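Before any comments, here is the structure.
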Amino acid sequence: MLAPSKQSVRRNSAGGDRLAASLAGQNFSYTANSLNQYTAVNTEQPTYDVDGNMRTRDGWTQVWNGENRLIETSKGNVKLQFAYDYMGRRVEKMVYSGTTLAQHTRFVYDGFKLAEELDALNGNAVLRRYSWQPDALGLDVPSSIYDAAANASYSYAPDANKAYGVAENSVKEAYGVAEDWAESTAKSISILLK
């Protein structure tokens, strides 16, 4: 996972369109049309389907379902496939190298809020856990992410525009990943996986 501090985005304050971005030292410039579609990313010109979904960009080809949800994207011998549940939530992501399934992630939700990511190729081992701001605050934003592989938590501090600052390697218990939350999430997972 790339730390958010390694990326930056500049937006046009009038329309909110992305004008420029930097990711891991690579700079991007964007031009958008009146439909809020990028007509140019640096010198490349993405293509779109009749529903406005991006079909091609940077050698990647996207396939969308009838509900305009991305179900497949591919470039060369790399293919990603996505599955959704009846509520429209992405519940699976599969990454293929050629015809070999290299990664299979399952997503577990609390309502519409992402609660966990599981490694389906490793007995549904926890990859990441998410905790959210309490509903009483009126903010629908995450407060922290626990990364199981790194055994570290990343806490988010959103401003009024939901832009985030990140405090890395914080203590997970201090940011709402309480035992009762973990227990209720485990019960939800066991029900979903039956």
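Each reported figure results from applying straightforward, stated rules to the coordinates on display, with no laboratory input. What you are looking at is a predicted structure, and each value in this text was computed from that prediction instead of being measured. When we count neighbours, we look across all protein chains shown, and the Cβ atoms used for this are built from the backbone with ideal geometry, even at glycine.
At-a-glance table
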{"item": "Stretch gain in nm, segment residue 97-residue 60, where the contour uses 0.36 nm per residue and the Cα spacing is subtracted", "result": "11.9 nm"}
{"item": "Packing-based exposure ordering (other Cβ within 10 Å, fewest first) of 82, 112", "result": "112, 82"}
{"item": "Approximate spin-label separation residue 42-residue 83, in nm, with each point projected 7 Å along Cα-to-Cβ", "result": "3.6 nm"}
